[in-house]
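Have a look at the structure below before the remarks.
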């Protein structure tokens, strides 16, 4: 199989492309982040901040009511959308209608960072993605972390969700998550990364799969691309949440010259790695945190 290399210079040029002089926050795209549960609000914050740093004009953070206080303080630029009373600690099936409403007219949606694995949360994720009313206008629906877990042993349901939104579905599993989705061992994924990346992509009806790890692989439509940016120091909690936010932010702001979602995702993966390399140069690989990656997004230069 042919594995092509993602061009990091092209990705950086795309990330730093000039804005239309007449652009406002609406023209720069909107992102809805459905993330967080009690004790895991940091994932929601990291994802939303990364989306902002990646060009989104508006970011909406949907979260359980009990999480509002922490996120309100940490995300002054985002629009907070708490669901339920102040004691609600995780999403459940009762939130489906409100989240579907919030997803309308959003350019990109992320589901998963820090959601938790409560049974009601898993049912909610599956219900949302099975509905044509969810994210009808989005250029990309990014499924990450706990947004992937509800599809363990349910590959057919994920495929149907992708068929509802052909070419717009993005999944970002690490090897363990990929193993659960495909019903194989993590060792099998590790020893056959290209093969299993292509199997993930084949489930997505023209959507894009990102198999994270050393030399992250990106695939869509049978194409397979390898990323060479990044370093082992990025193996730290929250790094994947940042990647999901970067992809959503770039997708939301994609103009008519950058509508190919595969290219947007490839750029996001390369930029994520470049941020990690910059953080390693500043502080060493051993001391990288996910917040460092977001800082470095704002320091990018040609």
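The values are calculated or read from the model by the stated rules, or taken from the named source; none is laboratory data. Keep in mind that what you see is a predicted model, and the values were worked out from it rather than measured. FYI the Cβ positions are ideal-geometry reconstructions off the backbone, even for glycines, and counts take in every protein chain you see.
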Consider the range 118-156. How many of its residues are outside any loop (DSSP other than H, G, I, E, B), in contact with a helix residue (DSSP H, G or I) (Cβ under 6 Å, 6 or more places away or on another chain) and surrounded by fewer than 22 Cβ atoms within 10 Å (Cβ to Cβ)? 4
Among the residues of the range 71-80 satisfying the criterion of being in contact (Cβ under 8 Å) with a residue 24 or more places away in the chain and in contact with a strand residue (DSSP E or B) (Cβ under 9 Å, 6 or more places away or on another chain), which is farthest from residue 147 (Cα to Cα)? 77
Among the numbered criteria (1) in a helix (DSSP H, G or I); (2) closer than 21 Å to residue 111 by Cα, which single criterion is violated by residue 219? (1)
Condition broken by residue 291, with the remaining ones in (1) part of a helix (DSSP H, G or I); (2) within 24 Å of residue 61 (Cβ to Cβ); (3) under 13 Å from the mean Cα position of the chain (by Cα) satisfied: (3)
Only one of these is over 14 Å from the mean Cα position of the chain (by Cα) and without any contact (Cβ under 8 Å) to a residue 12 or more places away in the chain: 154, 193, 186, 180. Name it. 186
On the basis of being buried (at least 18 other Cβ atoms within 10 Å of the Cβ) and either closer than 30 Å to residue 225 by Cα or in contact (Cβ under 8 Å) with a residue 12 or more places away in the chain (or both), does residue 32 make the cut? yes
Filter result for the condition that a residue is closer than 26 Å to residue 229 by Cα and out of contact with any helix residue (DSSP H, G or I) (no Cβ under 7 Å at 6 or more places or on another chain), over 5, 46, 12: 5
For the range 86-97, pairs from a residue that is at negative phi and crowded, with 20+ Cβ neighbours inside 10 Å to a residue that is assigned to a loop (DSSP other than H, G, I, E, B) and at pLDDT 95 or above, with Cβ under 6 Å and 6 or more apart or across chains, are 90/37; 90/116; 90/118
For the range 165-211, which helices (runs of 4 or more DSSP H) that fit wholly inside it have 2 or more residues that are crowded, with 24+ Cβ neighbours inside 10 Å? 175-182, 193-202
Selection from the range 243-290 of residues more than 14 Å from residue 216 (Cβ to Cβ), touching a helix residue (DSSP H, G or I) at 6+ places or on another chain (Cβ under 7 Å), surrounded by fewer than 24 Cβ atoms within 10 Å (Cβ to Cβ) and touching a residue at least 40 places away in the same chain (Cβ under 8 Å) yields 254, 258, 261, 280, 285, 286
